[in-house]
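Before any comments, here is the structure.
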Amino acid sequence: MKKVLIVEDDPNISQLIQIHLKDLHYEINVKNNGREGFEEANTSGYDLIILDIMLPEMDGLAICQRLRALDNFTPILMITAKSEEIDKVIGLESGADDYITKPFKIREFIARVKAIMRRQDQFALLSANDVKLIKFQALEIDEKKRKVILSGKRMNLTPKEFDLLVLMAKNPGRSYSRSELLELIWGYDFSGYEHTVNAHINRLRAKVEVDPNNPIYILTSWGIGYRFNDEF
């Protein structure tokens with residue numbers, strides 16, 4: 001049974017979410033306080049965390065950032081009443097897997113939850129069947145452990161940074177447009193948010209390239225997007 005943690009201080013929203021997720025036979029736990037939500041997320045194993053941004057004691061962005069810093073890569077679906085584009089971008093770039101704005105249609109919410117669960121199941125299956133390390137010069141990628149080593153040092157990547165790196169490293173030489181990367185990594189159409197890819201690529205380069213201004217792994221395909229170097 002899938003386990004879902006809901007961190008939401010609005011009882012009406014949390015109750016609505018619980019009702020529909022229980023229909024999917026998920027095991028649900030609810031916290032209405034940011035600090036309690038963080039402690040629960042960090043000490044118990046969950047398949048998904050549904051996280052409001054505006055919370056008492058600790059906001060959702062801080063929770064997300066702290067979990068990722070602790071190598072907790074449980075998928076996070078952020079929920080907020082804010083609708084400005086910058087809030088969505090900040091949420092995604094903080095390590096969240098998806099983002100939905102209140103008020104939302106429950107069918108869209110459930111579709112996004114299912115998409116996250118489906119991607120997790122696909123990843124688990126691939127990891128179980130393929131435990132090989134991906135190696136390019138000083139860069140090592142362990143897909144099963146979601147671990148990246150550069151010159152013997154572990155790099156701390158967010159889930160999306162890791163997924164972008166794996167996708168391109170497993171297909172060296174192939175150029176991906178920003179819209180393709182949005183669809184493949186985020187799981188559905190994020191039309192209009194191509195700059196989010198740019199931000200993730202820039203941070204990824206800062207972590208895995210010796211000189212981010214002169215990358216040797218993640219290259220720019222001018223007029224198209226990005227590709228992983230296939231000339232090693």
Sum of side-chain charges, residue 23 neighbourhood, beta-carbon under 15 Å (Lys, Arg +1; Asp, Glu -1): +3
Å² per residue, accessible surface of the chain at 1.4 Å: 50
Point-charge dipole on Cβ atoms (K/R +1, D/E -1) for the chain, about Cα centre, debye to 20: 600
Ellipticity estimate at 222 nm from DSSP helix runs (n ≥ 4, -39,500 (n - 2.57)) divided over the chain, nearest 500: -13500 deg cm²/dmol
Inverse of mean 1/r across different Cα pairs in the chain, Kirkwood, Å: 18.5
16 Å Cα-Cα reach of residue 132 towards lysines, excluding residues that sit fewer than 8 places from it in its own chain: 144, 145, 147, 170
Farthest positive-ward along the chain dipole, Cα basis, beta-carbon charges - from 152, 26, 197: 152
Solvent exposure, largest accessible area first (probe 1.4 Å, DNA, RNA and ligands not counted), of 54, 155, 168: 54, 155, 168
Alpha-carbon centroids, segment 22-71 and segment 160-188: separation in whole Å: 27
Chain lengthening between residue 171 and residue 133 when straightened (0.36 nm per residue, less Cα-Cα): 12.3 nm
Around residue 10: net Lys/Arg minus Asp/Glu count, Cβ-Cβ under 11 Å: -2
Cβ-defined net charge surrounding residue 75, 10 Å radius [Lys, Arg +1; Asp, Glu -1]: -2
Selected from 45, 152, 37 as most flexible by GNM, with the chain as the system and alpha-carbon contacts under 10 Å: 152
Share antiparallel - DSSP beta bridges, the chain, percent rounded to 5: 50
Portion, in percent, of the accessible area of the chain that falls on carbon or sulfur, probe 1.4 Å: 48
Only Lys, Arg (+1) and Asp, Glu (-1) charged, at Cβ; segment 129-169 dipole about Cα centre in debye: 160
Protection proxy ranking of 221-228, 46-53 - average other beta-carbon atoms within 10 Å, highest first: 46-53, 221-228
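The values are calculated or read from the model by the stated rules, or taken from the named source; none is laboratory data. This structure is a prediction, so every number in the text was calculated from the model and none was measured. No Cβ is skipped: glycine too gets one built from the backbone with ideal geometry, and neighbour counts run over all protein chains shown. Quick note on the areas: whole protein, heavy atoms, side chains included, nothing else; ligands and nucleic acids left out. Shrake-Rupley method; radii C 1.70, N 1.55, O 1.52, S 1.80 Å.
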